[in-house]
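Below is one structure, written out as structure tokens; comments come after it.
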Amino acid sequence: MPRVTNVTSQMEHALREDIVRHCRLLHQRGYLAANDGNVSARLDANRLLVTPSGVHKGFLEPGDLIIVDMKGNKLSGERTPTGELALHLRALAQRPDCNAVVHSHPPLAIAMSLTKKKLDGILPEVTLSLGRLQVVPYKRPLTDDLARAVAEALEQSDAIIMERHGTVAIGKDVAQAYGQTERIEHACQVLWSAYSLAAPRPVDESEQRALLRMYEASRLGRR
Ligand SMILES: [Zn+2]
């Protein structure tokens, strides 16, 4: 029995370190400022590790993280869970194939969401990697309305942009959800550059449908 407990605590320790490492990376990359952004990862079927509210992600420590159940009740930790906890819980409920959620404020993704310009169906590898490049229409931050709209959009994508706000990315682990965040911000950088020259041409509709089928097949393969 003690051996099992030991293995469990080692796993929890590694997951805490993993979340903190990626929070620092989000801050270093300029994807969030000060206390912004939040990250979560499943500890097991019934428990989630989440970042606290009110802590600068560049200075986050493993002991700052909080454990909640899948209804959002706090199980352990000194601090208060992120105010966007509902967004994490609904995202993971919608996508049982995923174990981690990264929410951040990448500047170009937010900027592009303010323009109403077409983003989806222009960059084939983005479609293959994360599905449709969607902008979820504005909902007030920290509300269940926002959480529900994001969860619904994640049915078609592994990463989405919330209008006027930021991104939400999911993955089988924190590294994958973080990687999708990088990918969506990089796509917005390319699209920003293209739009500064001329309106970029989308791929043919039939090609976009084929790319989406490939994305969906790869998602099924990950389950
Ligand atoms: Zn936010």
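Hey, can you tell me all the residues within the range 78-130 that are charged (D, E, K, R), outside any loop (DSSP other than H, G, I, E, B) and closer than 28 Å to L15 by Cβ? R90 - this is the single residue of the range 78-130 that is charged (D, E, K, R), outside any loop (DSSP other than H, G, I, E, B) and closer than 28 Å to L15 by Cβ. Scanning the range 47-67 for residues that are away from the ligand (no atom under 16 Å from the Cβ), over 18 Å from I170 (Cα atoms) and in contact with a strand residue (DSSP E or B) (Cβ under 7 Å, 6 or more places away or on another chain) yields D64, L65, I66, I67. Only one entry in R164, R209, R213 is without any contact (Cβ under 8 Å) to a residue 60 or more places away in the chain, at positive phi and surrounded by fewer than 18 Cβ atoms within 10 Å (Cβ to Cβ), namely R164.
Looking across the range 135-157, the residues that are part of a loop (DSSP other than H, G, I, E, B) and within 12 Å of the ligand (Cβ to nearest atom) come down to K139, R140, P141, L142, T143. The residues in the range 30-45 that are more than 16 Å from the ligand (Cβ to nearest atom) and touching a Pro at 6+ places or on another chain (Cβ under 8 Å) can be counted, and the count is 0. Candidates in the range 68-112 are the residues that are among the charged types (D, E, K, R) and within 16 Å of the ligand (Cβ to nearest atom); of these, the one that is nearest to S218 (Cα to Cα) is R90.
Is it the case that the range 175-185 has a residue that's within 29 Å of R42 (Cβ to Cβ), modelled with pLDDT of 95 or more and of a type in the set (S, T, Y)? Taking every residue of the range 175-185 in turn, at least one turns out to be within 29 Å of R42 (Cβ to Cβ), modelled with pLDDT of 95 or more and of a type in the set (S, T, Y). For the range 36-51, residues that are buried (at least 18 other Cβ atoms within 10 Å of the Cβ) and closer than 25 Å to P107 by Cα total 7. When L92, L142, L108 are screened for being in contact with a strand residue (DSSP E or B) (Cβ under 8 Å, 6 or more places away or on another chain) and among the aliphatic types (A, V, I, L, M), only L92 passes.
The values are calculated or read from the model by the stated rules, or taken from the named source; none is laboratory data. If you're wondering where the values come from, they're calculated on a predicted model, not measured in any experiment. Please note: Cβ atoms are built from the backbone with ideal geometry, for glycine as well, and neighbour counts cover all protein chains shown.
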